[in-house]
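Below is one structure, written out as structure tokens; the observations come after it.
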Amino acid sequence: MGSQFKTVTIAGGTGALGYAISEAFLNDGSYNVKILRRKPENENDCYGLLRYSISLLAAAKETSVKRFISSEFGVGYKRGILPVSDDKAKFREELEKSGLEYTCIYPGLFQEYLCWIGYDVENKKATFFGDSNTKLFTTSLPDIGKYTVESLKISEARNARINVAGATLSLNEYLEKFEEITGSKWEVIEDRDV
Ligand SMILES: NC(=O)c1ccc[n+]([C@@H]2O[C@H](COP(=O)([O-])OP(=O)(O)OC[C@H]3O[C@@H](n4cnc5c(N)ncnc54)[C@H](OP(=O)(O)O)[C@@H]3O)[C@@H](O)[C@H]2O)c1
């Protein structure tokens, strides 16, 4: 199925995820791809995701952008969990009432960042901070890029929050994958006190 969109403008295209999304749109080949960057003199301005996103939304409205894809790319937390997820939830509320067509994409944890939850590839060590049978959905950066491209082609993604997943495995099952790939048995630490 084709897409009604011709040009995509990617804010933060030099970032980890932005690069993967830019690459996926370029590989698709059917879009005019533009990367929106901060001016070099503003590179040290760290005024936070919420303010940055709100100014992007205002600019998108002013220029009659046809679809705004939120930069959230997490798990779609409600308010009250962490300050960063509160900001994302606040922005989602702004986006949903903005009148612009939108999509929020939830890929779970980025697979490249599994180290954040205790998988230490260098030392072949896994620390489990919770029940090792807990299922967790994760997606690689290149796959998030491809899902983002596809979201412009399917009607279900219009004005919607969509979940995507490259894998849904338990913490133990991710460990098995790491052991398979590294060809060795890993040390496991159970740390339930966090
Ligand atoms: N689910 C997960 O596991 C997970 C993991 C990591 C990140 N995330 C989320 O994914 C999204 C993208 O994260 P990322 O890691 O790709 O970000 P990143 O690598 O830090 O890239 C952010 C880009 O945004 C631009 N930018 C504009 N204003 C900025 C500012 N005030 N401070 C910092 N950068 C600014 C920069 O590009 P220019 O300098 O070219 O303007 C920068 O390269 C975020 O919403 C993040 O919370 C999710």
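Side notes on the structure shown:
- If you go through segment 55-74 and keep only what is assigned to a loop (DSSP other than H, G, I, E, B), of a type in the set (S, T, N, Q) and within 14 Å of G12 (Cβ to Cβ), you end up with S70, S71.
- Of the residues making up segment 110-128, those that are surrounded by fewer than 18 Cβ atoms within 10 Å (Cβ to Cβ) and either of a type in the set (V, I, T) or within 16 Å of the ligand (Cβ to nearest atom) (or both) are E112, Y113, C115, W116, I117, V121, T127.
For every residue, the table says whether it meets (1) of a type in the set (D, E); (2) touching a helix residue (DSSP H, G or I) at 6+ places or on another chain (Cβ under 6 Å); (3) modelled with pLDDT under 95.
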residue	(1), (2), (3)
E72	yes, yes, yes
Q111	no, no, no
D131	yes, no, yes
L141	no, yes, no
E150	yes, no, no
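- Residue pairs meeting the criteria (Cβ under 6 Å; at least 6 apart or on separate chains; first of a type in the set (S, T, Y), in segment 4-19; second surrounded by 11 or more Cβ atoms within 10 Å (Cβ to Cβ)): T9/K34; T9/L36
- Subset of segment 15-34 that is within 7 Å of the ligand (Cβ to nearest atom) and surrounded by 13 or more Cβ atoms within 10 Å (Cβ to Cβ) - its residue that is farthest from I69 (Cα to Cα): G15
- Search result, residues across segment 15-54 that are part of a helix (DSSP H, G or I), polar (S, T, N, Q) and more than 29 Å from K90 (Cβ to Cβ): N27
- Where helices (runs of 4 or more DSSP H) fall entirely within segment 78-194, those with at least 2 residues that are out of contact with any strand residue (DSSP E or B) (no Cβ under 7 Å at 6 or more places or on another chain), more than 30 Å from C46 (Cβ to Cβ) and free of Cβ contacts under 8 Å to residues at least 24 places away in the same chain are at 171-182.
- Residues considered: S22, S98. Of these, the only one that is of a type in the set (G, A, S) and farther than 24 Å from A165 by Cβ is S98.
- Residues that are of a type in the set (A, V, I, L, M, F, W, C) and open to solvent by 30 Å² or more (accessible area, probe 1.4 Å), drawn from segment 67-86: I69, V75, I81, L82, V84
- Segment 1-14, subset part of a strand (DSSP E or B) and either aliphatic (A, V, I, L, M) or surrounded by 13 or more Cβ atoms within 10 Å (Cβ to Cβ) (or both), residue farthest from the ligand (Cβ to nearest atom): V8
The values are calculated or read from the model by the stated rules, or taken from the named source; none is laboratory data. What you see is a predicted model, and the numbers here were worked out from it, not measured in a lab. Backbone-built Cβ (ideal geometry, glycine too); neighbour counts: all protein chains shown. Heavy atoms of the whole protein, side chains included, go into the accessibility calculation; ligands, DNA and RNA do not. Shrake-Rupley method; radii C 1.70, N 1.55, O 1.52, S 1.80 Å.
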